[in-house]
Amino acid sequence: MNASRYQPFLPDRLYIEEAVQNNPWTTRILARLSKAERIPIPDQQALPPAPAGKNILLSRQRGPFLRYCPGTSRHICCLYHNLDIAAGCDLGCSYCILQGYLNVPMTTLYCNLDDMFIELDQVLDSHPDHFYRIGTGELSDSLTFDHFTAWSSDLVNYFRQRRNAIIELKSKNTHIEHFISLPHDRRTVVSWSVNAAAIVASEEPHTPSLAERLEAAAEAQAAGFWIGFHFDPMIRHEGWEEGYHEVVEQIFRRIEPRNIAWISLGALRYPPFLDEIIRDNHPESRIFLGELLPGADHKFRYFKPQRIEMFARMYRWIKAHGQETPVYLCMESDEVWRKAFGWSPGSSAGLKRFLDERVGG
Amino acid sequence: MKLTYLEAGLGEIDADDRFFQLLPGMADALLMRSVARLGIVEPIHLQLRVGEESPAPRYRPVTGFRRLQAAAAAGLTRIPAMLLPRNWDDLQAYRWLVEQRGALRPFSPLEASHAIAALSGPLSLSREEILRTWFPLMGLAPNPKLFSLYAPLRLLEPELQSALAADELAMETAGAMASAEPAERLAFWQLSRTLRLGKNRQREFWLLLSDIERIDKASLPQLLAQPEWRSLLEEQNLTPSQKTDRFKNLLMTRRYPAYSATLARFESLLRSAKLPPELHLRPTPWFAGEEYTVDFSFSTPAEFTARLETLQEMQARGLIDQLTELT
Ligand code: SF4
């Protein structure tokens, strides 16, 4: 077997805000990163400008942890909630939206999880009839720092006791060791972002390989977790049909449809300002050479018939393995749903219902 | 700091040493005439060349490169000069130069580019140091993006540098061109002049062309040599603006073939519908949605009826079905 190309991220330096210095989640990180230099600071304002090396800021989340997914106008959104426990990622995918979005000075881990659990209690308790799908993979990768945070274990333990919520750990990484043997009561979906092999090689060069991700997914399945897959962003490239079809086949060789919570499809899309950033940061990439045109929300997307073609084929390939697996589109219009899948949830509320029902909401 | 006045012999000054020159260029006719008539009025600045076996010429010019050239052309043998302190090394002399120049007005992108080359090359300063200390001296914000944009500009050919200095070439385009092959940028500049592109169009066309080059795996000279492109550019009966529009269409067809095919089909359906000028039918921009918008004007009941009849006729001929299938 080939050695993994992926190198787990280990920071050289930890900047530690005073507000979280004695907090148990900070202490846990410090115990696991004994070699990293530790620099206490009063708050983020005291950070030096652009320090060299691999740095992490251990900070206090000052805003709410839980946020509605921003969605996008005139598109059907799954009405997801993001739980912002980290901001930033080490994996450096060429298309990553975080390149243009993050307004934090460096990769930041919000260590005041005590406040987060209080906030979650308040929100979930005050809306007992509302079902929440919550994920930590919006401003970071849910598992990429888990080898030294082990926060997945806190999340799995917490959501195990909640009836009106489910947590999704969405990742390209394989750090499942801290939660895989925990009881979870199927309140956790462990999901992997996947892509065609050629795209993994060229656009996600620092991530674990597809085979490694699927291996981790198979282990999570064996431990009884719900498994999710996100084909997002799908990128048109030479041989994209074979490339994506092959990933679908690999998934169904390892994972049973009854254990798949959902599979989402999203085609490459980004706001105009990200175009220049991607070109500057990844000049060798070819992703911006697609027929990407501005949509109603001004984001660049593939020309509509091309998106419909990609989604329709994927739908067919996935459904060839049975009707059970829910497949949904991320940020697409009712029209694209109908033309690609032959049906549409009709609205964001309809899509929410569709996904909630799958995981017991 | 003490500068020493002297009358320097022209032969003692190494006019070929351009290390301190912030912006390469030649003396113009006006300066030539003025120096020939009046001599050098404002002293130039010199640095004493140091070394064990002090080679001739003794002095390096620090300012006044064009005046020096004009003096030589006028046959002057001695010119007034100010000598920088002897104990200054190159870095101190360069700092003095940048401070003097930056106090007058901010450095132009080209001046900044030459300064960056001197500072990061012979003077061995880091990018961070240049940004932090030297950009403010140049009157520039210490912005890493500006650094990346300006640094390669000095690689542009003199013609392109002049176009940039004359504000005929967009800064961003110049920055992008600087990292391309010389043959690419010269071909683009030639194209830009043929089509008389303004700065916005330059930017737009450069980006489209760069993408097409990568998609087609061809260089710009190779693309421009293709018969379809060449014949359009050589067409005598089109104005530059007509040529530009057609060229843009050509670029769009190559860059966005699926979209362009849909657009062409839409336009052909519209042509066959023979709509009067008072009736407009539009798809959503880029065919992103599935709707069409129709608007028309009328001033009499008869005109109103006529517009509706035109639309009904489109439907009767199956054109509406074809339009909706398009999206
Ligand atoms: S794994 Fe996700 S968050 Fe990390 S760089 Fe890639 S796209 Fe961005």
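The values are calculated or read from the model by the stated rules, or taken from the named source; none is laboratory data. Fair warning: this is a prediction, and the values are worked out from it, not measured in the lab. All Cβ positions, glycine included, derive from the backbone under ideal geometry; neighbour counts span all protein chains shown. Please note that ligands, DNA and RNA were not included when accessible areas were found on the heavy atoms of the full protein model with its side chains. Shrake-Rupley method; radii C 1.70, N 1.55, O 1.52, S 1.80 Å.
Tabulated results
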read-out: Test: residue in region A:209-226 that is more than 14 Å from chain B (Cβ to nearest Cβ), among the polar types (S, T, N, Q), open to solvent by less than 40 Å² (accessible area, probe 1.4 Å) and more than 13 Å from the ligand (Cβ to nearest atom); value: yes
read-out: Top-ranked residue in region B:100-129 [being without any contact (Cβ under 8 Å) to a residue 40 or more places away in the chain and of a type in the set (S, T, N, Q); ranked as surrounded by the most Cβ atoms within 10 Å (Cβ to Cβ)]; value: B:SER120
read-out: Any pair with Cβ under 6 angstrom, 6 or more apart, that starts in region A:169-181 at a residue that is closer than 14 Å to A:ASP154 by Cβ and ends at one that is away from the ligand (no atom under 16 Å from the Cβ) and open to solvent by less than 10 Å² (accessible area, probe 1.4 Å); value: A:HIS178/A:ALA150; A:PHE179/A:VAL156
read-out: Residue in region A:196-204 that is without any contact (Cβ under 8 Å) to a residue 60 or more places away in the chain, more than 14 Å from the chain's Cα centre (by Cα) and at positive phi present; value: no
read-out: Some residue of region A:257-269 being in contact with a helix residue (DSSP H, G or I) (Cβ under 6 Å, 6 or more places away or on another chain), among the charged types (D, E, K, R) and either surrounded by fewer than 22 Cβ atoms within 10 Å (Cβ to Cβ) or part of a helix (DSSP H, G or I) (or both); value: no
read-out: Close pairs (7 angstrom Cβ cut-off, 6 or more residues apart or separate chains): of a type in the set (Lys, Arg) in region A:128-157, more than 13 Å from the ligand (Cβ to nearest atom) and open to solvent by 10 Å² or more (accessible area, probe 1.4 Å) anywhere; value: A:ARG133/A:TYR80; A:ARG133/A:HIS81; A:ARG133/A:ASP356
read-out: Members of region B:235-269 that are in contact with a helix residue (DSSP H, G or I) (Cβ under 9 Å, 6 or more places away or on another chain) and more than 14 Å from chain A (Cβ to nearest Cβ); value: B:GLU235, B:LEU238, B:PRO240, B:SER241, B:LYS243, B:THR244, B:ARG246, B:PHE247, B:LYS248, B:ASN249, B:LEU250, B:LEU269
read-out: Qualifying residue in region B:126-137 (condition: over 24 Å from A:ASN281 (Cβ atoms), at pLDDT 95 or above and aromatic (Phe, Trp, Tyr)); value: yes
read-out: Any hit, region A:105-114, residues being on the phi > 0 side of the Ramachandran plot and in the same structural domain as A:SER202 (by TED's automatic domain parsing); value: no
read-out: Criterion: touching an Asp or Glu at 6+ places or on another chain (Cβ under 7 Å), closer than 26 Å to A:VAL336 by Cβ and among the aliphatic types (A, V, I, L, M) - qualifying residue of B:ALA258, B:ALA264; value: B:ALA258
read-out: Single unsatisfied condition, B:LEU30 versus (1) in contact (Cβ under 8 Å) with a residue 24 or more places away in the chain; (2) over 26 Å from B:LEU123 (Cβ atoms); value: (1)
read-out: Residues of region A:61-80 that turn out to be away from the ligand (no atom under 16 Å from the Cβ), surrounded by 18 or more Cβ atoms within 10 Å (Cβ to Cβ) and of a type outside the set (A, V, I, L, M, F, W, C), as a count; value: 3
read-out: Which listed residue, of A:GLU335, A:GLU357, is more than 21 Å from A:SER191 (Cβ to Cβ), acidic (Asp, Glu) and in a helix (DSSP H, G or I); value: A:GLU335
read-out: Members of region A:184-195 found to be touching a residue at least 60 places away in the same chain (Cβ under 8 Å) and more than 14 Å from the ligand (Cβ to nearest atom), listed by number; value: A:ARG186, A:VAL189
read-out: Residue within region A:38-48 that is charged (D, E, K, R), open to solvent by 20 Å² or more (accessible area, probe 1.4 Å) and within 30 Å of B:SER126 (Cα to Cα) present; value: yes
read-out: Wholly enclosed helices (runs of 4 or more DSSP H) of region B:99-178 bearing at least 1 residues acidic (Asp, Glu); value: B:109-120, B:158-165, B:171-178
read-out: Pairs where the first residue, in region A:281-295, is more than 7 Å from chain B (Cβ to nearest Cβ) and within 17 Å of A:ALA198 (Cα to Cα) and the second is of a type outside the set (D, E, K, R) and outside any loop (DSSP other than H, G, I, E, B), C-beta under 6 Å, 6+ apart; value: A:PHE288/A:ILE278; A:GLY290/A:TYR302
read-out: Residue count for region A:152-175, restricted to those that are open to solvent by 10 Å² or more (accessible area, probe 1.4 Å) and away from the ligand (no atom under 15 Å from the Cβ); value: 9
read-out: Residue that is modelled with the lowest pLDDT [pool: residues in region A:49-60 that are away from the ligand (no atom under 16 Å from the Cβ) and either on the phi < 0 side of the Ramachandran plot or open to solvent by less than 20 Å² (accessible area, probe 1.4 Å) (or both)]; value: A:PRO49
read-out: Region A:10-37 residues that are among the aliphatic types (A, V, I, L, M), paired with ones that are part of a helix (DSSP H, G or I) (beta carbon under 7 Å, 6 or more apart); value: A:ILE16/A:THR26; A:VAL20/A:THR26; A:ILE29/A:PHE148; A:ILE29/A:THR149; A:LEU33/A:PHE148
read-out: Criterion (within 16 Å of the ligand (Cβ to nearest atom), of a type outside the set (S, T, N, Q), open to solvent by 10 Å² or more (accessible area, probe 1.4 Å) and assigned to a helix (DSSP H, G or I)) met by exactly one of A:HIS206, A:HIS147; value: A:HIS147
read-out: Test: residue in region A:48-59 that is under 30 Å from A:ASP297 (Cα atoms), out of contact with any helix residue (DSSP H, G or I) (no Cβ under 7 Å at 6 or more places or on another chain) and among the polar types (S, T, N, Q); value: no
read-out: Residue count, region B:292-327 (criterion: open to solvent by less than 60 Å² (accessible area, probe 1.4 Å), small (Gly, Ala, Ser) and assigned to a helix (DSSP H, G or I)); value: 1
read-out: Residue within region A:95-109 that is part of a loop (DSSP other than H, G, I, E, B), buried (at least 20 other Cβ atoms within 10 Å of the Cβ), within 13 Å of the ligand (Cβ to nearest atom) and in contact (Cβ under 8 Å) with a residue 40 or more places away in the chain present; value: yes
read-out: Single condition A:SER181 does not satisfy, out of (1) more than 15 Å from the ligand (Cβ to nearest atom); (2) of a type in the set (S, T, N, Q); (3) within 16 Å of the chain's Cα centre (by Cα); value: (3)
read-out: Scan of region A:105-148 for residues that are modelled with pLDDT of 95 or more, hydrophobic (A, V, I, L, M, F, W, C) and more than 17 Å from A:ASN23 (Cα to Cα), ordered by number; value: A:LEU120, A:VAL123, A:LEU124, A:PHE131, A:ILE134, A:LEU143, A:PHE145
read-out: Residue that is least open to solvent (accessible area, probe 1.4 Å), among those in region A:18-37 that are among the polar types (S, T, N, Q) and farther than 20 Å from A:ASP90 by Cα; value: A:ASN23
